Ligand code: ISL
């Protein structure tokens, strides 16, 4: 599928290299490990691989802290390995999308080292340096230039004793924010991107790209945020997010990046795939950014549907899902980006818990069916689906009860901040278990050999003991597995125009167990109009349901089902087993 906007028919597979496949026994996955698994990806049928960062990095945030954008961390391999990976993917008709992390660098990046050298450094203004709050002593609590709370706990400001100023870091103190107001910064980023395009990459996933434009006053001031009463007792930071999310110059910067880097395309002038990760993006902004007429990005990752089960204290307090909330949100984005713009579709990534544990049923009885049904509901929507490594096996949360088992900086910092604020270990761990990012980061489960066949050494993060039951070798050998269901879903997208283009309509919005929708194409001069009907039992109880007006679709061809022994539909009525889902084509 070469040619214009090939990404509209594509399915993307995300690899978290550290946890995918270890070729040299050091316990950390690497590029050569990925090269050894390309046939597996080809068998699944995905079109694109998105690699989480493999660049030189102190690994404070597993590579999202980059110290050299144009080299590979020795932990993962060499540039020559990456060239071989690109060639291996292209030879199999697949493409490579790299992670672009340019809201911040590592504090060990030469740009920051130079910036930090002193107030007169030519790169001082490449980052956000500010003096202590007036009337305070720098480095003491409360002297920070603003009261903003970091994504990774604590203040967003780190004191630099030598120069008597603070620098801004929305994430860890080892991830200082770049100052995109400075055109030198932007052009350094564009140069680096062009270098990767010339090397043969096919696109970019842009880390927290909607945080690059900060709201800054004429005098250079940054405002305080409102204090969030839901924070753990003892923590008194404000919410700075309105001052750095979806900022005033975001679209200007994205359009400039498009002109400077993306407009000419990549290999053989083929268009590139761009997807911007945007926590806090609104539907309205997403429509503007992804409208092809804007010439900014192809699609964004929204976080709205990932927030429908968050409690008062946000992600650390997950609640049971209320299905109508999720359906309403998905429908709003399907409809909102129908005429202009494009959706990305995802349930999982390296920051989210495993969806089969979160919204499915990971018991032995229902794990396979629920994993398949969650996949069906997502993949038949309009947009570009993303599969996160192991999702195609129905991998589950590990949910360790002891903080010692975790490695993720967000989890560890949250634990420390909460416990020092007076919360008990039990209370904090009850929040962490179901949602920690490490649930997604346990090693890929290849087979039932020790350490799941991920490594011959000691894995950097323990494997999930479930690998004996859940692994790729068994799944590939079993035609009824989650793997083969995902393979068929991907095949359907490639085979049917209606999956790519059809108009979306949600059915039964208030139903608490059933997720049902249609996709309709009007048909052109050479093809007849078609309706695709998806009906899914999103629960562990059987359900009987009537779908008004859907008798014709229900009499159509059953192109995919989770249960080969399902009861045939009767007019508009259909009865579904627990986690049974069906796709009809009429
Ligand atoms: O994990 C999260 C979702 O609850 C967020 O706090 C997350 O950090 C945010 O979505 C941004 O994520 C991206 O940038 C981070 C990096 O740690 C994440 O892995 C990355 O996906 C900083 O680069």
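The values are calculated or read from the model by the stated rules, or taken from the named source; none is laboratory data. Treat the numbers as computed from the prediction; the structure is a model and nothing was measured. When we count neighbours, we look across all protein chains shown, and the Cβ atoms used for this are built from the backbone with ideal geometry, even at glycine.
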Is it true that some residue in the range 65-72 is surrounded by 16 or more Cβ atoms within 10 Å (Cβ to Cβ) and within 11 Å of the ligand (Cβ to nearest atom)?
yes
Exactly one condition in (1) within 14 Å of the ligand (Cβ to nearest atom); (2) surrounded by 22 or more Cβ atoms within 10 Å (Cβ to Cβ) is false for residue 59; which is it?
(2)
Within the range 443-459, take every residue that is part of a loop (DSSP other than H, G, I, E, B) and out of contact with any helix residue (DSSP H, G or I) (no Cβ under 7 Å at 6 or more places or on another chain) and give me the one that is nearest to the ligand (Cβ to nearest atom).
454
Take the residues in the range 151-163 that are in contact (Cβ under 8 Å) with a residue 40 or more places away in the chain and part of a loop (DSSP other than H, G, I, E, B); name whichever of them is nearest to the ligand (Cβ to nearest atom).
151
Being in contact with a helix residue (DSSP H, G or I) (Cβ under 9 Å, 6 or more places away or on another chain), surrounded by 16 or more Cβ atoms within 10 Å (Cβ to Cβ) and at positive phi, is that true of even one residue in the range 247-267?
no
Residue ID - farthest from the ligand (Cβ to nearest atom), chosen from residues in the range 125-149 that are buried (at least 19 other Cβ atoms within 10 Å of the Cβ) and without any contact (Cβ under 8 Å) to a residue 40 or more places away in the chain
132
Quick check: is even one residue across the range 28-44 touching a residue at least 60 places away in the same chain (Cβ under 8 Å) and within 16 Å of the ligand (Cβ to nearest atom)?
yes
Looking at the range 85-103, is at least one residue touching a helix residue (DSSP H, G or I) at 6+ places or on another chain (Cβ under 6 Å), closer than 30 Å to residue 163 by Cα and modelled with pLDDT of 95 or more?
yes
Looking at the structure I just gave you, is residue 338 out of contact with any strand residue (DSSP E or B) (no Cβ under 6 Å at 6 or more places or on another chain) and under 30 Å from residue 249 (Cβ atoms)?
yes
From the set of residues in the range 312-325 that are surrounded by fewer than 13 Cβ atoms within 10 Å (Cβ to Cβ) and modelled with pLDDT of 95 or more, which is nearest to residue 431 (Cα to Cα)?
319
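Restricting to the range 525-542, name every residue that is without any contact (Cβ under 8 Å) to a residue 40 or more places away in the chain and within 21 Å of residue 357 (Cα to Cα).
Correct list: 541, 542.
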Just a yes or no: is a residue in the range 564-581 part of a strand (DSSP E or B), touching a residue at least 12 places away in the same chain (Cβ under 8 Å), closer than 22 Å to residue 369 by Cα and under 27 Å from the mean Cα position of the chain (by Cα)?
yes
If only one of 414, 406 is out of contact with any strand residue (DSSP E or B) (no Cβ under 9 Å at 6 or more places or on another chain) and touching a residue at least 60 places away in the same chain (Cβ under 8 Å), which one is it?
414
Select, from 314, 383, the only residue that is on the phi > 0 side of the Ramachandran plot, within 16 Å of the ligand (Cβ to nearest atom) and outside the structural domain of residue 508 (by TED's automatic domain parsing).
314
Based on this model, can you work out whether residue 256 counts as within 30 Å of residue 90 (Cα to Cα) and within 16 Å of the ligand (Cβ to nearest atom)?
no
Please work out which one of (1) in contact with a strand residue (DSSP E or B) (Cβ under 9 Å, 6 or more places away or on another chain); (2) more than 16 Å from the ligand (Cβ to nearest atom); (3) not in a helix (DSSP H, G or I) is the condition residue 115 fails and give its number.
(3)
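Residue by residue, here is whether (1) part of a helix (DSSP H, G or I); (2) over 19 Å from the mean Cα position of the chain (by Cα) holds:
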position	(1), (2)
334	yes, no
339	no, yes
344	no, no
372	yes, yes
400	no, yes
404	yes, yes
411	yes, no
416	yes, yes
423	no, yes
Report yes if residue 197 is part of a helix (DSSP H, G or I), within 16 Å of the ligand (Cβ to nearest atom) and either over 21 Å from the mean Cα position of the chain (by Cα) or not assigned by TED's automatic domain parsing to the domain that holds residue 417 (or both), otherwise no.
no
In the range 517-543, what residues are surrounded by fewer than 12 Cβ atoms within 10 Å (Cβ to Cβ) and at pLDDT 95 or above?
541
Is at least one residue of the range 339-348 at negative phi and surrounded by fewer than 21 Cβ atoms within 10 Å (Cβ to Cβ)?
yes
Looking at the range 251-292, which of its residues are part of a loop (DSSP other than H, G, I, E, B) and closer than 19 Å to residue 8 by Cα?
263, 264, 265, 266, 270, 271, 272, 291
In the range 334-354, what count of residues is obtained for those that are within 14 Å of the ligand (Cβ to nearest atom), touching a helix residue (DSSP H, G or I) at 6+ places or on another chain (Cβ under 6 Å) and free of Cβ contacts under 8 Å to residues at least 60 places away in the same chain?
1
Residue 473 versus (1) closer than 18 Å to residue 11 by Cβ; (2) part of a helix (DSSP H, G or I): which is the lone unmet condition?
(1)
Can you work out which of the residues in the range 266-293 that are touching a strand residue (DSSP E or B) at 6+ places or on another chain (Cβ under 8 Å) and free of Cβ contacts under 8 Å to residues at least 60 places away in the same chain is nearest to the ligand (Cβ to nearest atom)?
286
Could you tell me which numbered condition residue 174 fails, if it satisfies all but one of (1) more than 13 Å from the ligand (Cβ to nearest atom); (2) more than 18 Å from residue 214 (Cα to Cα); (3) out of contact with any helix residue (DSSP H, G or I) (no Cβ under 8 Å at 6 or more places or on another chain)?
(1)
Within the range 294-311, can you find the residues that are more than 15 Å from the ligand (Cβ to nearest atom) and either modelled with pLDDT under 95 or surrounded by 15 or more Cβ atoms within 10 Å (Cβ to Cβ) (or both)?
294, 296, 297, 298, 299
